[in-house]
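**Student:** Following this message is one structure expressed as structure tokens.
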Amino acid sequence: MTINSRNKGASFEREIAQMLEAELGFKFKRDLRQYQAADYGDLVTDDHFPFLIECKRYAAGTGMKQAWWDQASRAAAKTEQWPCVIYKYDRQDIRCVVPLEAVVHEITCATP
């Protein structure tokens, strides 16, 4: 991984953290353990949040890569969270992938 691509990824993680904080009110920060050991997510919060977030930022491509999902799923299993992959290619919208089961579960558990 080149320094430029690492900076691009870190910048995207900070951008997503700011977006999530603005939308949800939770303070997210980059989890630097991801550089020291395998199976950690990219963003963490001290608040209860059901998703382990893996961020990916690339110049070109289409769709989510299976390897990204596998990485997020392994890390999520360790923390008993749902996997979430947020990705973006240049000149394309940000995309978010979560299991449909997680959406249904979180909605039904949140309703009185």
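The values are calculated or read from the model by the stated rules, or taken from the named source; none is laboratory data. What you see is a predicted model, and the numbers here were worked out from it, not measured in a lab. Every residue, glycine among them, receives a Cβ derived from its backbone with ideal geometry; neighbour counts consider all protein chains shown. For the accessible areas, the whole protein counts, side chains as well, though only heavy atoms, and no ligand, DNA or RNA atoms are used. Shrake-Rupley method; radii C 1.70, N 1.55, O 1.52, S 1.80 Å.
**Student:** Out of segment 27-45, which residues are open to solvent by 100 Å² or more (accessible area, probe 1.4 Å) and modelled with pLDDT of 90 or more?
**Tutor:** Passing the criteria: only Lys27.
**Student:** Could you please find all residues in segment 58-112 being in a strand (DSSP E or B) and not charged (D, E, K, R)?
**Tutor:** Passing the criteria: Tyr58, Trp82, Pro83, Cys84, Val85, Ile86, Tyr87, Tyr89, Cys96, Val97.
**Student:** For the structure I just gave you, tell me whether Ala67 is out of contact with any Phe, Trp or Tyr (no Cβ under 9 Å at 6 or more places or on another chain), more than 19 Å from Val44 (Cβ to Cβ), open to solvent by 60 Å² or more (accessible area, probe 1.4 Å) and free of Cβ contacts under 8 Å to residues at least 12 places away in the same chain.
**Tutor:** Against the criterion (out of contact with any Phe, Trp or Tyr (no Cβ under 9 Å at 6 or more places or on another chain), more than 19 Å from Val44 (Cβ to Cβ), open to solvent by 60 Å² or more (accessible area, probe 1.4 Å) and free of Cβ contacts under 8 Å to residues at least 12 places away in the same chain), Ala67 qualifies.
**Student:** Test Lys56 against the criterion of being in contact (Cβ under 8 Å) with a residue 12 or more places away in the chain and buried (at least 17 other Cβ atoms within 10 Å of the Cβ), and give yes or no.
**Tutor:** yes
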